[in-house]
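Let me begin by presenting the structure, written as structure tokens, before commenting on it.
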Amino acid sequence: MTPLVDVPIAVLDPARFSGTVSAPLYDDFQHAAEQARKLLAGRVVWNINTTAHGGGVAEMLRSLLGYVRGAGIDARWEVITGDSEFFRVTKRIHNNLHGSAGDGGELGGAERAVYNAVLDTNADALRACVRANDVVIVHDPQTAGLIPAIRDIGARVIWRCHVGTDTPNDLVRRAWAFLLPDVVQADAVIFSHSAFAWKGIDEARIHIVAPSIDAFSPKNYELDADTVQLILGAARIVDGGRQGTPSFVRQDGSAARIDSRARIIDDVPIPSGVPVVTQVSRWDRLKDPVGVLQGFVDHVAPRHPTSHLALAGPDVAAVSDDPEGAEVLAEVTESRRGLAEAMRDRVHLLCLPMDDDEVNAVMVNALQRHATVAVQKSLAEGFGLTVAEAMWKGRPVVASRVGGIQDQIVDGVSGLLLDDPTDLRAFGDAVSELLDDPRRAAAMGDSAREQVRELFLGPRHLIQYVDLLNTLP
């Protein structure tokens, strides 16, 4: 096991936000960048997590750190490494922080030994590159155990927790107890949603910072209708889509072609020209893909006989820090294969290639733009970047009123919120309501895009980071 992998960061120009966000927000953004250059002169800002591929944290870091570098600040990104047992333990912590038992295992002395052994090896590598007075931002439960070592170096350390639950139970408190001895040593702790803040942490050190999306990344930049169909046709996601080899622009400005295809379970693509209900997420039980499938089959499909469901996620073999992904995909596949043939052909399970992050991203972009209704029926959610992504594309969204999702959607204005994500009839009613009323759906999509423009793009996010840095000792 080789500890610490350096992730290359492309330099991105912050000036591209001029004209995209409001003039006052852009002015505040420029002022914050100037403050940051003075505050961080001669210092490095390190970000540390567990993967450079797959998942919202890695995607967000790729964009944010590019703009930080573009603003003239030395930002770097390191990925820690671990063995399968380490990731089994940290996935258990992740599930417990959402109030879920996950694999049902313990978080005791044996698990602590596994956790510490991996992080001690990575901490030794950190000592060789991090210097006193640097700023180190460590992300999520997998990295919390690095905090004491970073403090010993003399660097400022911020722990950012991207997961949580609105109503803690004993499982949540068990995970807190496992992580708190390390977390309380951080100079600051960031949560994505106010209800996620833990008891036992000094309130003065707690900061609420919502994540953001990059409007200019391949996942979110503008695609016209013809290009959407060309991409989905080339990926074999939509049957009868435009034929050809589409190209796209990478974040570094270079051109690339889409030669990869999605892997579709049972090789059943989406027919062209039908209404599509789409959920894009990891294959994770907390995203409830089986519930989405059942809610569509029982409560949407009978009322809308031409509608189809697309459940899309990453190729599970390529997501190293999520050992449950393959299990969940197998569960969804089994549920789909249990359907009658006519219904089975209306449910599409899409495994998007992960060999090239930006090819994957542009496929997601096209899928979300192709959706008639986007959904995110999570049972628990830290924030739910796929919600903001779909909103930015002007899609009406039906999502659960959990975690950070409820901070993104104004119910009835920029989307529809489900009070009980396990109520499949309510889910079906909400989706059908939007399928029945295209004019209302379009108005919600327009409102959703404006909501994201001011609240969930990079400038607001980076301004909050500079505000936080100004509070550090």
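For segment 163-172, what are the residues that are closer than 19 Å to R112 by Cα, open to solvent by 10 Å² or more (accessible area, probe 1.4 Å) and within 24 Å of the chain's Cα centre (by Cα)?
Passing the criteria: only L171.
Of all residues in segment 32-48, one or more are under 19 Å from S192 (Cα atoms) and buried (at least 19 other Cβ atoms within 10 Å of the Cβ).
Of all residues in segment 277-293, those being modelled with pLDDT under 95 and open to solvent by 30 Å² or more (accessible area, probe 1.4 Å) number 2.
Within segment 399-429, being under 15 Å from R440 (Cβ atoms), surrounded by fewer than 19 Cβ atoms within 10 Å (Cβ to Cβ) and among the hydroxyl-bearing types (S, T, Y) holds for no residue.
How about segment 294-388: which helices (runs of 4 or more DSSP H) wholly inside it have at least 2 residues that are under 23 Å from D436 (Cα atoms) and modelled with pLDDT of 95 or more?
The helices (runs of 4 or more DSSP H) meeting that bar are 341-344, 357-370.
Taken over segment 352-362, the criterion of being out of contact with any helix residue (DSSP H, G or I) (no Cβ under 8 Å at 6 or more places or on another chain) and either under 23 Å from L286 (Cα atoms) or open to solvent by less than 10 Å² (accessible area, probe 1.4 Å) (or both) is satisfied by V359, N360. Only one entry of L61, L12, L65 meets the criterion of being surrounded by 19 or more Cβ atoms within 10 Å (Cβ to Cβ), of a type in the set (A, V, I, L, M, F, W, C) and in a loop (DSSP other than H, G, I, E, B), and that entry is L12. Looking at V11, V89, V57, which is the one that is under 27 Å from A312 (Cα atoms) and without any contact (Cβ under 8 Å) to a residue 60 or more places away in the chain? Just one listed residue meets the conditions, V89.
Take the conditions open to solvent by 20 Å² or more (accessible area, probe 1.4 Å) and modelled with pLDDT under 95 and apply them to G70. Does it pass? No; evaluated as a whole, the condition is false for this residue. When you scan segment 315-323, do you find a residue that is more than 29 Å from R257 (Cα to Cα) and under 22 Å from the mean Cα position of the chain (by Cα), even just one? Within segment 315-323 (the criterion being more than 29 Å from R257 (Cα to Cα) and under 22 Å from the mean Cα position of the chain (by Cα)), the answer is yes, since at least one residue qualifies.
A search for C-beta distances below 7 Å between a residue of segment 101-128 that is aliphatic (A, V, I, L, M) and any residue that is open to solvent by 60 Å² or more (accessible area, probe 1.4 Å) and in a helix (DSSP H, G or I), counting only pairs 6+ apart in sequence or on different chains, returns L107/R174; V114/E85.
Kindly provide the set of residues from segment 175-194 that are crowded, with 17+ Cβ neighbours inside 10 Å and part of a helix (DSSP H, G or I), ordered by number. A175, W176, F178, L179, D182, V183 - these are the residues of segment 175-194 that are crowded, with 17+ Cβ neighbours inside 10 Å and part of a helix (DSSP H, G or I). Taking the residues in segment 98-120 that are closer than 18 Å to H139 by Cα and not polar (S, T, N, Q) as candidates, determine which candidate is surrounded by the fewest Cβ atoms within 10 Å (Cβ to Cβ). The residue in question is D120. Checking R257, R261, R242, R250 one by one, the residue that is modelled with pLDDT under 95, surrounded by fewer than 22 Cβ atoms within 10 Å (Cβ to Cβ) and either among the polar types (S, T, N, Q) or within 30 Å of S335 (Cβ to Cβ) (or both) is R261 and no other.
Each row is one residue, and each column tells you yes or no for (1) modelled with pLDDT under 95; (2) in contact with a Phe, Trp or Tyr (Cβ under 7 Å, 6 or more places away or on another chain); (3) under 20 Å from K377 (Cα atoms); (4) not charged (D, E, K, R).
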residue: Q408; (1), (2), (3), (4): no, yes, yes, yes
residue: G412; (1), (2), (3), (4): no, no, yes, yes
residue: V431; (1), (2), (3), (4): no, no, yes, yes
residue: V452; (1), (2), (3), (4): no, yes, yes, yes
residue: I463; (1), (2), (3), (4): no, yes, no, yes
residue: P473; (1), (2), (3), (4): yes, no, no, yes
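Counting only residues that are closer than 17 Å to N95 by Cβ and open to solvent by 10 Å² or more (accessible area, probe 1.4 Å), which one in segment 136-162 is nearest to the chain's Cα centre (by Cα)? Within segment 136-162, the match that is nearest to the chain's Cα centre (by Cα) is H162. Hey, does segment 200-212 have a residue that's within 16 Å of P141 (Cα to Cα), touching a residue at least 60 places away in the same chain (Cβ under 8 Å) and buried (at least 22 other Cβ atoms within 10 Å of the Cβ)? So far as segment 200-212 goes, no, none of its residues is within 16 Å of P141 (Cα to Cα), touching a residue at least 60 places away in the same chain (Cβ under 8 Å) and buried (at least 22 other Cβ atoms within 10 Å of the Cβ). Collect the residues in segment 277-293 that are in contact with a Phe, Trp or Tyr (Cβ under 9 Å, 6 or more places away or on another chain), assigned to a helix (DSSP H, G or I) and more than 14 Å from E327 (Cβ to Cβ), keeping them in residue-number order. Selection gives G291, V292.
Counting the residues of segment 68-110 that are of a type outside the set (D, E) and assigned to a loop (DSSP other than H, G, I, E, B) gives 15. Of all the criteria given as (1) among the β-branched types (V, I, T); (2) open to solvent by 40 Å² or more (accessible area, probe 1.4 Å); (3) part of a loop (DSSP other than H, G, I, E, B), the one not satisfied by V274 is (2). Would a scan of segment 39-49 turn up a residue that is within 20 Å of I150 (Cβ to Cβ), modelled with pLDDT of 95 or more and among the polar types (S, T, N, Q)? Yes, segment 39-49 contains at least one residue that is within 20 Å of I150 (Cβ to Cβ), modelled with pLDDT of 95 or more and among the polar types (S, T, N, Q).
So that you can scan it fast, the table gives a plain yes or no per residue for (1) surrounded by fewer than 19 Cβ atoms within 10 Å (Cβ to Cβ); (2) over 17 Å from G404 (Cα atoms); (3) of a type in the set (K, R):
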position	(1), (2), (3)
E327	yes, yes, no
R337	yes, yes, yes
L349	no, yes, no
V364	no, yes, no
A371	no, yes, no
Q376	no, no, no
F383	no, no, no
W392	no, no, no
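Go through segment 213-224 and count every residue that is of a type in the set (D, E) and open to solvent by 40 Å² or more (accessible area, probe 1.4 Å). Result for segment 213-224: 2.
The values are calculated or read from the model by the stated rules, or taken from the named source; none is laboratory data. Here the structure is a predicted model, which is why all the values come from computation and not from measurement. With ideal geometry, Cβ positions are generated from the backbone for all residues, glycine too; neighbour counts draw on all protein chains shown. Protein only, heavy atoms only, side chains kept; ligands, DNA and RNA dropped before computing areas. Shrake-Rupley method; radii C 1.70, N 1.55, O 1.52, S 1.80 Å.
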